[in-house]
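Reading through the structure tokens given below for one structure.
The values are calculated or read from the model by the stated rules, or taken from the named source; none is laboratory data. For clarity, every value in this text was computed on a predicted model and none was experimentally measured. Note that we place each Cβ from the backbone using ideal geometry, even for glycine, and neighbour counts take in every protein chain shown.
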């Protein structure tokens with residue numbers, strides 16, 4: 001064999017080997033796909049078989065309930081070759097779910113046998129029908145979990161809307177009134193919720209009237225937001241803390257009240273002391289005012305006594321002047337008798353001189369009367385000023401608390417002393433003038 005022939009043979013053999021390998025791989029792939037399709041079909045057959053058996057059992061229960069004279073031959077035996085084949089094969093699937101389906105078949109078969117026995121023995125099939133309806137509801141719940149969730153556990157599924165379950169039952173022609181005396185879809189939903197499936201929304205626990213009539217207690221509601229029911233120990237601890245807090249608050253309030261009462265007492269004592277000081281000052285001022293009034297009254301009495309004495313002196317002076325005038329008239333008469341020889345001119349001169357003296361005396365008396373009237377007016381003005389100053393002293397004594405009334409009383413006494421000296425001096429001056437004139 002030449003080299004070219006060898007290479008040709010080698011290339012052809014290698015090609016045939018590759019083609020054979022590809023054919024084998026394709027065959028294996030076909031076998032695998034067919035097995036997967038067969039497994040899926042078998043699993044679909046299991047669900048279809050269970051649904052058919054359930055629907056037939058629902059129809060049989062309705063017939064038995066409607067016809068109490070039905071015989072046991074109305075109930076057909078339960079057959080499930082699909083699940084038997086799946087259990088016998090090596091299909092990779094959820095064997096736990098298949099076990100639940102197998103138990104469901106066993107329950108259905110047992111309830112059907114009990115109902116058949118009751119019908120055969122002509123007994124009341126009421127209890128047997130109830131048990132058969134309960135088994136049917138369990139079977140429908142199991143079928144839903146198998147078809148919709150692959151046979152998973154209800155707690156592992158998560159949230160599911162209850163309307164999805166109802167729609168699934170509508171799609172499989174499970175009517176609401178298929179079972180006598182029950183709402184089939186509602187019962188299936190509640191059975192799934194009882195198995196642990198989280199269905200939303202939650203069922204209503206109250207009617208509208210009951211709900212709006214009740215007093216909602218957020219703390220009593222376990223499902224209330226932002227709340228968790230507390231244990232008895234926690235409640236006792238809270239009550240203890242509240243009692244301690246209330247005791248501390250009461251103690252602080254008592255301390256505050258005591259401190260406030262002490263401050264009020266001190267304030268009252270201070271006010272009483274100040275009021276006593278004010279009363280003492282008012283009493284002293286009243287005494288000073290009374291003394292000042294007494295001094296003013298004494299000064300006024302002295303002024304009145306001085307006025308009366310002055311009037312008496314003036315009366316005496318007028319009497320003396322009148323007596324002297326009479327004496328002078330008597331002397332002139334004697335001189336006229338003794339000096340008859342005097343000339344008429346001298347007599348006339350003497351008469352004129354006597355008349356001038358008399359006029360002067362009358363003028364002096366008029367001036368004295370005017371001075372007396374002026375003195376009386378001045379004394380009255382001084383008395384009025386003294387009274388006004390006394391009233392001012394009284395008012396100042398009430399307002400001024402530092403003894404201003406005493407100072408003003410001293411000033412009034414000094415002024416009265418000066419006025420008294422001035423009056424005495426005026427009296428003495430007037431008496432000297434009178435003596436000189438006389």
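Taking the listed residues 253, 176, 234, the one that is at pLDDT 80 or above and either part of a helix (DSSP H, G or I) or out of contact with any helix residue (DSSP H, G or I) (no Cβ under 8 Å at 6 or more places or on another chain) (or both) is 253, with no other qualifying. Looking at residue 92, is it within 30 Å of residue 109 (Cβ to Cβ) and exposed (fewer than 12 other Cβ atoms within 10 Å of the Cβ)? When the stated conditions are applied, residue 92 passes them.
Flag: residue 41 matches the condition of being closer than 22 Å to residue 152 by Cα and surrounded by fewer than 16 Cβ atoms within 10 Å (Cβ to Cβ). Residues in the stretch 165-174 that are exposed (fewer than 14 other Cβ atoms within 10 Å of the Cβ) and either touching a strand residue (DSSP E or B) at 6+ places or on another chain (Cβ under 6 Å) or more than 16 Å from residue 52 (Cβ to Cβ) (or both): 167, 170.
Of the residues examined, residue 198 is one that is surrounded by 11 or more Cβ atoms within 10 Å (Cβ to Cβ), touching a strand residue (DSSP E or B) at 6+ places or on another chain (Cβ under 7 Å), assigned by TED's automatic domain parsing to the domain that holds residue 52 and on the phi < 0 side of the Ramachandran plot. Do the conditions hold for residue 46, that is, is it part of a loop (DSSP other than H, G, I, E, B) and at pLDDT 85 or above? For residue 46, the condition - part of a loop (DSSP other than H, G, I, E, B) and at pLDDT 85 or above - is not met.
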